[in-house]
1. Please go through region 24-33 and pick out each residue that is surrounded by 13 or more Cβ atoms within 10 Å (Cβ to Cβ) and either in contact (Cβ under 8 Å) with a residue 12 or more places away in the chain or in a loop (DSSP other than H, G, I, E, B) (or both).
2. If you take the residues in region 7-23 that are surrounded by 11 or more Cβ atoms within 10 Å (Cβ to Cβ) and at pLDDT 95 or above, which one is farthest from A48 (Cα to Cα)?
3. Answer yes or no as to whether S36 is among the polar types (S, T, N, Q) and not in a helix (DSSP H, G or I).
4. Looking at the structure I just gave you, is Y92 among the aromatic types (F, W, Y) and in contact with an Asp or Glu (Cβ under 8 Å, 6 or more places away or on another chain)?
5. Restricting the search to region 68-88, which residues are surrounded by 10 or more Cβ atoms within 10 Å (Cβ to Cβ) and either more than 20 Å from S102 (Cα to Cα) or of a type in the set (K, R) (or both)?
6. Being polar (S, T, N, Q), touching a helix residue (DSSP H, G or I) at 6+ places or on another chain (Cβ under 9 Å) and in a helix (DSSP H, G or I): is that true of S43 here?
Amino acid sequence: MRGLPYEKRRIVVPLLTLVVFIAAWELLVRTGVVPSFLLPAPSAVATAFVAEAPLLVEHTLTTVLEAALGLAIGVVVGFVFAVLMDRFETFYLAFNPLITVS
């Protein structure tokens, strides 16, 4: 590896590490050291991913929409609280400790 230029080592070393990690994981599951019900082999995960792709896409879209909605609600509520805390000292005194702790 020392013979490779730095730019290539920056790519090769992490890729090689990933390949070794996945191969070791596969080997540990296939030899029974790690039960497959506890941690499925990467090949089983890839097979399930391909087989269930349409279902995963459907649920991914739902998850992204829910996350975006939650973010929007959080931004609106945060903005309203910020304005109220800035305008009303009592509101600030009541909620600042709670917001600081969280």
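The values are calculated or read from the model by the stated rules, or taken from the named source; none is laboratory data. Here the structure is a predicted model, which means the values were calculated and not measured. Using ideal geometry, Cβ is built from the backbone for each residue, glycine included, and neighbour counts are taken over all protein chains shown.
1. Within region 24-33, W25, E26, V29 qualify.
2. This residue is L16.
3. yes
4. Yes: the conditions hold for Y92.
5. A68, L69, F88
6. Considered against the rule, which asks whether it is polar (S, T, N, Q), touching a helix residue (DSSP H, G or I) at 6+ places or on another chain (Cβ under 9 Å) and in a helix (DSSP H, G or I), S43 comes out as yes.
One line per residue, one yes/no per condition, for (1) at pLDDT 95 or above; (2) over 30 Å from W25 (Cα atoms):
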position: A48; (1), (2): yes, no
position: V57; (1), (2): no, no
position: T62; (1), (2): no, yes
position: A67; (1), (2): yes, yes
position: F79; (1), (2): yes, yes
position: F88; (1), (2): yes, yes
